Amino acid sequence: MGQGKGKKPATYEDIDELPVGGVGEIIADELYASPRPAYGHLRVASRLGALLTLPYEMAQGGPGGWWFLDEPELHFRTHVVVPDLAGWRRERVPEPPEAETPWLTQAPDWVCEVLSPSTMVKDRVRKLPLYHLEGAAHAWVIDPLSRTLEVFRSTDDGWARAGLHEGDGSVFAEPFGDIPLELGLLWTPEYRARERQSLP
């Protein structure tokens, strides 16, 4: 939740004071504290990172040219945000930071937010405009519950939606359109539905 109006601007010390395991972010001087995400959220983020890293970072079966981080802490002036995934083009930011670097200040070229019911409004309304303002060129928004992928590209007027994909099909989604992405590999299997179908 964000802070109520009238409170003093949040600082990084407020993040340090949060319970261990949570995620703290500061946007427009407001502190947002979120619990660790549920399994379906984690599965999407973990699998997407794996699917992109091999071809686009390690150049195994793909063009390379990128590097990625899961849940990097990004500092943009007084803002502190933690996207689920982010990627940088090596032509712009050649190497990741040193191992001891606690956070990054270079805006990613691509950012991905995986929605949870408790963070959906923050991700869409607060964080996406900030990523655009800081110069990110592409953004993905994934909803594990509706099994959808929204693809956005940056324009002078803000984000423009370049695609909406749903279900289990194979899609080509910018900026990673060289290789098909199998959406079905991201979603949590519907075990309960399968169990019901198997009952006599």
## Note on the structure
Percent relative contact order for the stretch 79-200, counting Cα pairs under 8 Å at least six residues apart, stands at 16 percent
### Query
Quick one: Karplus J couplings for the stretch 65-71, per residue in order, coefficients 6.51, -1.76, 1.60, θ = phi - 60°, nearest Hz, x for Gly and Pro?
x, 10, 9, 10, 9, 8, 6
### Query
When the helices in the chain are scored as -39500 (n - 2.57) per DSSP H run of 4 or longer and the sum is shared across all residues, what 222 nm value do you end up with, to the nearest 500 deg cm²/dmol?
-5500 deg cm²/dmol
### Task
Specify which residue in the list Gly62, Gly177, Val93 is farthest towards the positive end of the charge dipole of the stretch 37-198, using unit charges on the beta carbon of Lys, Arg (+1) and Asp, Glu (-1), about the Cα centre.
Gly177
### Query
Roughly speaking, what is the centre-to-centre gap between the stretch 28-88 and the stretch 106-138 when only Cα atoms are used, to the nearest Å?
11 Å
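Run through the DSSP bridge list for the chain and note the antiparallel percent, rounded to the nearest 5. Spell out each step's value before the answer.
Working: 34 of 40 bridges.
Of those bridges, close to 85 percent are antiparallel.
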### Task
With only Lys, Arg, Asp and Glu charged, each at its Cβ (+1 for the first two, -1 for the last two), find how big the charge dipole of the chain is about the Cα centre; round to the nearest 20 debye.
620 debye
#### Entry: Glu73 long-range amide H proximity, modeled H, under 5 Å
Leu104
### Query
Using θ = phi - 60° and the Karplus form 6.51 cos²θ - 1.76 cosθ + 1.60, what ³J(HN,Hα) does each residue of the stretch 81-95 get, whole Hz, x for Gly and Pro?
10, 10, x, 5, 8, 8, x, 10, 6, 5, 5, 9, 10, x, 9
### Message
Per residue of the stretch 149-154, what does 6.51 cos²θ - 1.76 cosθ + 1.60 with θ = phi - 60° give for ³J(HN,Hα)? Whole Hz please, x for Gly and Pro, Karplus curve as stated.
### Response
10, 9, 10, 10, 10, 6
### Task
List the residues whose amide H sits under 5 Å from the amide H of Thr148, counting only those 5 or more places along or on another chain, with H placed 1.01 Å from N in the peptide plane.
Asp143
### Distant-in-sequence amide H partners of Ala10 (H built 1.01 Å from N, under 5 Å)
Glu30, Leu31
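Fewest first, what order do Tyr56, Tyr39 take by the number of other Cβ atoms within 10 Å? Write down the numbers at each step before the final one.
On the way: Tyr56 25, Tyr39 9.
With the sparsest Cβ surroundings first, the list reads Tyr39, Tyr56.
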### Summary
For the chain, the Cα convex hull volume per residue in Å³ comes to 150 Å³
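Readers should treat all values here as calculations from the given coordinates under stated rules, not as data from a laboratory. As the structure is a prediction and not an experimental result, all values here were calculated from the model. Glycine also receives a Cβ, built like all others from the backbone with ideal geometry; neighbour counts cover every protein chain displayed.
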